[in-house]
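Take a look at the structure set out below.
The values are calculated or read from the model by the stated rules, or taken from the named source; none is laboratory data. Computed from a predicted structure; not experimentally measured. Here the Cβ positions follow ideal geometry from the backbone for every residue, glycine too, while neighbour counts run over all protein chains shown.
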Amino acid sequence: MTVDPAAGDAHAIRRRSLTLALLTLTYFFSYMDRQILAILQELIKADLKLSDTQLGLLSGLAFAIFYATLGIPVARLADRANRKNIVAVSLAIWSAMTAAGGLAHNFTQLLVARIGVGIGEAGSSPPSHSIIADLYPPEKRAGAMGIYSLGVVLGAALGTFIGGLVASAYGWRIAMFVIGLPGIVLAVVVWLFVVEPRRGLADAKTHTAHDAMPSLWNGFASILSNGPALHLVMAVTLTSMIGYGLTAWGPSFMVRSLGFSVREISLYVALPAGLAGAASAVFGGRLADRLARTHGLHAQATMVAVLKALALPFTLGFFLLGSPVAAVLSYLAYVLLANSYLGPTFALIQGLAPVRLRALWAAITLLVINLIGLGLGPTLVGVISDLLKPSLGSESLRWSMLVFAAATPWAIFHYWRAGALLRRG
């Protein structure tokens, strides 16, 4: 039976809000499953007798290598095949592997489970970015990506909240089951209700089915030859390295240096941080769309640079302030200002990408972000903390994390430079 292309396009547009909501919920589950170790790692450390370096590997490099590198072949598949199905299958895999982590009785078993989570999550973001870019035109894309990025802050916050409360009452293993298993149900919902739009639907110029599929080298070469895109990738990579290091080790820092319990972090820090991050993501996306309409796309990159500069003193304050209350308030201010970067960054990258390379550009960006940001951030924080422990004792983690926060001006420069090049272009 022949399907009317116009009817298919109209159906995709009618369902785009539902599709965006389900992709955001999938991203939410991705971050819950990815960040659940952060609130549990002090309990896991005591139970399995692990070092900070081993904990850093579990939440960083071991996960990131598989997550990032497998994103490339998945993106190549997503540029050819049904993206909705890829997201649904991937969600089912990583949810099952998160639950399997609760069965681990040593470092190696937990490592294998976390590698499985990384393998599953590799199939989530590249096809999701591509679907969203096909459903929303450039002037609405940053707002849509801002909504999608809610998955990061809400997933991390509610994962901490739910995981911490469950772990406090029933242990860290049950928390892994509670966080992981519902994702298998969501995978069925995604498969049934997310739409697969025509590629390039929301753009004025689209490709045809007869267009040649560019090679993987074309994807890398096209980013390297695009000045604004290259600076955006560098900026978001550095930002992610700092952010992943803080997110992975923030709860442990609050336990060791600020005197919080796992339950107190879940009740008094996780939800306010989630609300602040959500407000930042939504407001940042809408502000970016408005700035693009009134000043041009370059203003989006400049906006991120300004907000990150304003957030820097609060980032440093989280680690340097002696009072637990003041430190947490400083952390919430940092989240409110700094978490607006994802929507505008990914929207700009998708807008700069050739239509046939959108999923691949997203995967290449995520490859760099995750190998360096997610891979090195939490891992090096743990390594440096162990190295500093003989001289600084329990305060070694505080100063290890501060080293990463001090790299923020480097990221700010790249956002500013991307904006300057976009304004010229």
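What the table shows:
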{"read-out": "Residues satisfying the stated conditions in the stretch 161-190, i.e. in a helix (DSSP H, G or I), closer than 23 Å to Pro251 by Cβ, within 21 Å of the chain's Cα centre (by Cα) and not β-branched (Val, Ile, Thr)", "value": "Phe161, Gly163, Gly164, Met176, Gly180, Pro182, Gly183"}
{"read-out": "Pairs, first surrounded by fewer than 16 Cβ atoms within 10 Å (Cβ to Cβ) in the stretch 79-92, second among the hydroxyl-bearing types (Ser, Thr, Tyr), C-beta under 8 Å, six or more apart", "value": "none"}
{"read-out": "Test: residue in the stretch 268-283 that is under 26 Å from Val233 (Cβ atoms), free of Cβ contacts under 8 Å to residues at least 24 places away in the same chain and surrounded by fewer than 17 Cβ atoms within 10 Å (Cβ to Cβ)", "value": "no"}
{"read-out": "Residue among Gly243, Gly259 that alone is of a type outside the set (Asp, Glu) and in contact with a Pro (Cβ under 7 Å, 6 or more places away or on another chain)", "value": "Gly259"}
{"read-out": "Residue in the stretch 84-103 that is charged (D, E, K, R), closer than 18 Å to Ser124 by Cα, out of contact with any Lys or Arg (no Cβ under 6 Å at 6 or more places or on another chain) and modelled with pLDDT of 90 or more present", "value": "yes"}
{"read-out": "Output for the stretch 251-267, where each listed residue is surrounded by fewer than 21 Cβ atoms within 10 Å (Cβ to Cβ) and small (Gly, Ala, Ser)", "value": "Ser257, Gly259, Ser261"}
{"read-out": "Residue match in the stretch 404-412 (condition: at pLDDT below 85 and in contact with a Leu (Cβ under 8 Å, 6 or more places away or on another chain))", "value": "yes"}
{"read-out": "The stretch 369-396 residues that are charged (D, E, K, R), paired with ones that are assigned to a helix (DSSP H, G or I) (beta carbon under 6 Å, 6 or more apart)", "value": "Asp386/Asp52; Asp386/Thr53; Lys389/Ser396"}
{"read-out": "Selected residue (only one of Ala142, Ala113, Ala122 is under 18 Å from Trp94 (Cα atoms), in contact (Cβ under 8 Å) with a residue 40 or more places away in the chain and among the small types (Gly, Ala, Ser))", "value": "Ala122"}
{"read-out": "Any hit, the stretch 261-275, residues being of a type in the set (Asp, Glu), assigned to a helix (DSSP H, G or I) and modelled with pLDDT under 90", "value": "no"}
{"read-out": "Members of the stretch 26-57 that are within 14 Å of the chain's Cα centre (by Cα) and farther than 13 Å from Pro378 by Cβ", "value": "Thr26, Tyr27, Phe28, Phe29, Ser30, Tyr31, Met32, Asp33, Ile36"}
{"read-out": "Test result for Ser59, at pLDDT below 85 and either touching a Lys or Arg at 6+ places or on another chain (Cβ under 7 Å) or under 20 Å from Ala157 (Cβ atoms) (or both)", "value": "yes"}
{"read-out": "Residues within the stretch 160-178 that are of a type in the set (S, T, N, Q) and modelled with pLDDT of 90 or more, tallied", "value": "1"}
{"read-out": "Looking only at the stretch 155-171, and only at residues there that are surrounded by 23 or more Cβ atoms within 10 Å (Cβ to Cβ) and not hydroxyl-bearing (Ser, Thr, Tyr), the one that is nearest to Val269 (Cα to Cα)", "value": "Ala157"}
{"read-out": "Selection from the stretch 22-59 of residues that are touching a residue at least 40 places away in the same chain (Cβ under 8 Å), out of contact with any Ser or Thr (no Cβ under 9 Å at 6 or more places or on another chain) and either of a type in the set (D, E, K, R) or exposed (fewer than 15 other Cβ atoms within 10 Å of the Cβ) (or both)", "value": "Asp47"}
{"read-out": "Unmet requirement for Gln109, which otherwise passes all of (1) farther than 24 Å from Val189 by Cβ; (2) of a type outside the set (Asp, Glu); (3) buried (at least 24 other Cβ atoms within 10 Å of the Cβ)", "value": "(3)"}
{"read-out": "The one condition in (1) within 30 Å of Gln54 (Cα to Cα); (2) at pLDDT below 90; (3) in a helix (DSSP H, G or I) that Met145 fails to fulfil", "value": "(1)"}
